[in-house]
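The values are calculated or read from the model by the stated rules, or taken from the named source; none is laboratory data. Just so we're clear, the structure is a prediction, and the values are computed from it rather than from any experiment. Please note: Cβ atoms are built from the backbone with ideal geometry, for glycine as well, and neighbour counts cover all protein chains shown. Note: accessible area is taken over every heavy atom of the protein model, side chains too, but ligands, DNA and RNA are not part of it. Shrake-Rupley method; radii C 1.70, N 1.55, O 1.52, S 1.80 Å.
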Amino acid sequence: MALKIFLDGKLVPESEAKVSVFDHGLLYGDGVFEGIRVYNGRIFKLPEHLDRLFASAQAIMLNVPMSREELTKACRETCAANGLRDGYIRLVVTRGVGYLGLNPFKCPKASVFIIASTIELYPEAVYRDGLKLITAATQRINPAALSPSIKSLNYLNNILAKIEAVNAGTVEAIMLNSEGYVAECTGDNIFIVRGGKLETPPVSAGALNGITRAVVMELAKQLGVPVSEPNLTRYDLTTADECFLTGTAAEIVPVASIDGRVIGSGKPGALTLKLTEAFRKLAQTTGTAI
Ligand code: PMP
C-alpha cells in the first residue's frame, strides 16, 4: 500500500513526496536525520532522538523549522496515517533548496520529511547464531574533520566500510579511528563483555552517541553489571568473552566472530541474551503513544 509521507507540514501520498534537485541535502549531504523505532503503538525514545537531532542541527548551523512539540506531533500523525504500530520512522531535515554553491546560508528554508514504514531487519539466524564481523580498512572519519556525533546525511565514510563488509560476505564491519582504536560499526555501536564487565568505546573514539547504546548501558547498570567506556583495540575485541552490536534497527546483535577469530563460545553470550531480553521488554512497554 502506498505510504503517506509528512513533507514540510503536510501529509502527502508517496508519489507526491519529492524534494528538489537543488536541495543541498541531495547536492552535498547537507542535513541531519534520525532513525526511530515504533513498538506496540509507541514511539521508542522519541525525546532522546529529538535531543540528538537538534544537537546535530546546532553543530551544522541548521535551523530546524519546527519545534520539538511540532516534530513529536508530526511523528505521531505520520504513524497514525499509515496505521503503523510496529516499524521504523525516518525523520530527515535537509538544508533545503539553494543554488549550486556550497554556502548553506543561501538556502532560505530547511525541509522536513518523515517516513513511517516497516523495517528491514537482520535475518533471524543472525540473532540465533551471531554475526561474523570484519575490520574495515576504511577508517572512521577523524572527529577533527567531521564529528561522528553529527548524524548527518553524509554517510559515505560508513558506506565505504559497508562495501567492504558486503564484499567479504557479511553485513557489518568494525571501523577503527585514526589512532587504531575501535570506534563503532557502519551503522551500529559495539560492546564487549570481559570478566563480567561491559565495555564500549567512548564517544570521543569516534562512536555515535547511540540511543540504543545508552539504553543498554542503563539496563546493564540496573542488572548490577559494571559499565565503562575505555579505548578498545582489536585485540580487546577478539579476546573478549562476548561481543554484541547495538542500534535502533538492529537492537542487540550477538557477534560470533571477528576477522575469523571466534568470540567466546561462538554463540550469543549469557549477558548478551540477558540484555536482549531486558531491552525487548522495555521496548514493548515504554514510549510516546501514537
Ligand atoms: N553508529 C552509527 C554510525 C549509526 O548510524 C547508528 C544508527 N543510527 C548507530 C551507531 C546506533 O545508534 P542508535 O542506537 O541511536 O540507532
- Message: Using square roots of five times the C-alpha gyration tensor eigenvalues, list the equivalent-ellipsoid semi-axes of segment 30-138 in whole Å, biggest first.
- Response: 29, 21, 12
- Set the Förster radius R0 to 45 Å, insert the Cβ-Cβ distance between Ser228 and Ser15 as r into 1/(1 + (r/R0)^6), and round the FRET efficiency to 0.05. 0.35
- Residue-count net charge about Thr246 - beta-carbon cut-off 10 Å; Lys, Arg +1, Asp, Glu -1: -2
- Separation between Cα centres of segment 148-202 and segment 218-246, rounded to whole Å: 14 Å
- Note on the structure: Sorted on mean Cβ neighbours within 10 Å (highest first), peptides 230-237, 181-188 come out as 181-188, 230-237
- Task: On the protein heavy atoms, probe 1.4 angstrom, tell me the percent of accessible surface of the chain carried by carbon and sulfur.
- Result: 56 percent
- Note on the structure: In the chain, taking the dipole from +1 charges on Lys and Arg beta carbons and -1 charges on Asp and Glu beta carbons about the Cα centre, the listed residue (Leu133, Phe6, Asn63) farthest towards the positive end is Phe6
- Query: Using modelled backbone amide H atoms (1.01 Å from N, in-plane), which distant-in-sequence or interchain residues come within less than 5 Å of Leu131's amide H?
  - Reply: Val255, Ala256, Ser257
- Message: Output wanted: per-residue J couplings in Hz (rounded whole) for segment 186-202, from phi through Karplus 6.51 cos²θ - 1.76 cosθ + 1.60, θ = phi - 60°, x for Gly and Pro.
- Response: 5, x, 8, 7, 10, 10, 10, 10, 10, x, x, 10, 9, 9, 9, x, x
- Rounded to a whole number, what is D in µm²/s for the chain from Stokes-Einstein with the Kirkwood radius over alpha-carbon pairs (4 °C, 1.567 mPa s)? 65 µm²/s
- Percent antiparallel among DSSP beta bridges (both partners in segment 181-290, rounded to 5): 90 percent
- Ranked packing of 31-37, 63-69, most packed first, by mean Cβ within 10 Å: 31-37, 63-69
- Nearest 0.05, what FRET efficiency do Asn103 and Glu77 give at R0 = 25 Å with Cβ-Cβ as r? 0.15
- Vicinal HN-Hα couplings computed from phi for segment 156-172 (Karplus, 6.51 cos²θ - 1.76 cosθ + 1.60; Hz; Gly/Pro x): 4, 4, 5, 5, 4, 6, 4, 4, 4, 4, 5, 4, 8, x, 10, 10, 9
- Task: Output the Cα-based Rg and Dmax of segment 89-235 in Å, rounding Rg to one decimal and Dmax to a whole number.
- Result: 17.6, 56
- Packing rank of 209-219, 273-283, where each peptide gets the mean count of other beta carbons within 10 Å, highest leading: 209-219, 273-283
- What is the distance in Å between the Cα centres of segment 64-126 and segment 252-290? 27 Å
- Message: Nothing charged except the Cβ atoms of Lys and Arg (+1) and of Asp and Glu (-1): what's the magnitude of the dipole of segment 121-256 about its Cα centre? Round to the nearest 20 debye.
- Response: 160 debye
- Item | Table column - 3J(HN,Hα) (Hz), segment 87-99, Karplus curve with 6.51, -1.76, 1.60, x for Gly and Pro | x, 9, 10, 10, 10, 10, 10, 9, 5, x, 6, x, 9
- Query: Could you give the nm distance between label points at Ser147 and Lys267, where each point is 7 Å from its Cα heading toward the beta carbon?
  - Reply: 4.4 nm
